[in-house]
Amino acid sequence: GAFLHDIGMTVIPDEIVNKQGPLTPQEWVIMRRHPHEGRAIANRTRVFSPEVLDIIEHHQERYDGSGYPDGLRGDEIPEGARIVAIADAFDALTVEKPYRTAYSLFKALTVVRDDMATGFDRLLLRDFIFSLGQILGAAGD
């Protein structure tokens, strides 16, 4: 599910995916289709488990209910999707985008922890931060 979570982006027009500035309300309607589209694409193969399909469909849901496509909140969101949501947000901040430079690992971690925390399962976010610290600490040894 983590590897395929954004497969639905393949049906979103490139001019929306790569847009330099903020998306218009109409463009957001199209962008917010990618989780449902992704589930449909993966489901057509008939090889993925319901858990994988749930990750693809619900990785943009937020713990506080502010996400999409279904506005799920808290434990309504499958655990795998809650985990991928954290990793996806962190990854999105640390890679170059058409509209901004990549954040350093420390700045991305700070943004996820401080500015986005209400959107994530607190225990999973704590585990993510701890694990990332372990990995970065080991890399410095």
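A few points about this structure:
- Counting 0.36 nm for each residue step from Ala138 to Ser66 and taking away their Cα separation leaves a gain of 22.4 nm.
- Helical segments meeting 15 Å axial Cα length and Kyte-Doolittle -1.0 threshold in the chain (DSSP H): 79-94, 122-140
- Over segment 78-137: Kirkwood hydrodynamic radius from C-alpha pairwise inverse distances, Å: 11.8
- Residue-level accessible surface for Glu79, protein heavy atoms, 1.4 Å, Å²: 110
- Solvent-accessible area, 1.4 Å probe, carbon plus sulfur percent, for the chain: 57
- Diffusion coefficient, µm² s⁻¹, Stokes-Einstein with Kirkwood Rh over alpha-carbon pairs of segment 55-98 at 37 °C and 0.692 mPa s: 312
- Helix-only CD estimate at 222 nm, as mean residue ellipticity for the chain, using -39500 (n - 2.57) per DSSP H run (n ≥ 4): -16500 deg cm²/dmol
- Debye-formula intensities of the chain, expressed as log10 I(q)/I(0) at q = 0.10, 0.11, 0.13, 0.15 Å⁻¹, are -0.36, -0.43, -0.61, -0.81 (one equal scatterer per alpha-carbon, no solvent).
- Nearest-10 value in Å² for the accessible area of Val29, using the 1.4 Å probe: 100
- Heavy atoms of Val11 accessible to a 1.4 Å probe, total area in Å² rounded to 10: 60
- Of the listed residues Ile83, Ile7, the order by accessible area with a 1.4 Å probe, largest first, is Ile83, Ile7.
The values are calculated or read from the model by the stated rules, or taken from the named source; none is laboratory data. Everything quoted here is computed from the prediction, not taken from an experiment. Protein only, heavy atoms only, side chains kept; ligands, DNA and RNA dropped before computing areas. Shrake-Rupley method; radii C 1.70, N 1.55, O 1.52, S 1.80 Å.
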